[in-house]
Amino acid sequence: MSYILNIETATTNCSVSLSKEGEIIALKEDYNSKYSHAESLHLFIDSVFNEAQIKPQDVAAIAVSKGPGSYTGLRIGVSTAKGLCFSLDKPLISVDTLEALSHQVQIASEFIVPMLDARRMEVYAAVYDATYKPMRAIQAQVLNEDSFHEFLEQSKVYFVGNGVEKTKDIITHPNAVFIENKLPSANEMGRLAFDKYKIGDMEDVAYFEPFYLKDFIGTKS
């Protein structure tokens, strides 16, 4: 059996899951508005192993959400995943954060735009079709009333993620559908990680870095 430990820390949701052959068998997450990764991540990892009644040595690989997202959150998730890979001698799999987020939306046709808040009027966003095929690469973009116009003119567009809160006040096109209160979760990582595992799509544990998309800029709280 191919067990994979999945770690998602790109936003405030500290989320960990265990999957078997791509199916989630244990999930633990802190779906709130504050970062708790430093305090909760290792506790959540222990929790999913206990729930599934397997040992860390039993996993075939460690999967981590690679970004874009919170600089600090991604650093914590990736460093934890790397530490586990080194200590357990397991391969590392990276899962695109926005791709996984898009899988929270199931539609028959039309478009999905997963988006994460990038401060001010900017978001990290990509565009997928109903089969989760990328229709536009990930971008850091400043929102305006014409954002995603080329997709909105074709059909309904489903916006999902914590970038929705400010987007819904700017984009007023009748084809825009806003799905609120959703964050990336390890719940959607199982199948994506297993697909990569089956074809041997692994990362170099020593040199892998998160996909920040933008350089980190420190600010006062």
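Of the set (1) surrounded by fewer than 20 Cβ atoms within 10 Å (Cβ to Cβ); (2) assigned to a loop (DSSP other than H, G, I, E, B), all apply to Glu51 but (2). Checked across the range 112-132, the condition of being buried (at least 17 other Cβ atoms within 10 Å of the Cβ) and out of contact with any strand residue (DSSP E or B) (no Cβ under 7 Å at 6 or more places or on another chain) holds for no residue. In the range 82-175, counting only helices (runs of 4 or more DSSP H) that sit wholly within it, the ones holding 3 or more residues that are more than 22 Å from Val64 (Cβ to Cβ) and not assigned by TED's automatic domain parsing to the domain that holds Ser15 span 149-152, 164-167.
The values are calculated or read from the model by the stated rules, or taken from the named source; none is laboratory data. Here the structure is a predicted model, which means the values were calculated and not measured. We place every Cβ from the backbone using ideal geometry, glycine too, and count neighbours over all the protein chains shown.
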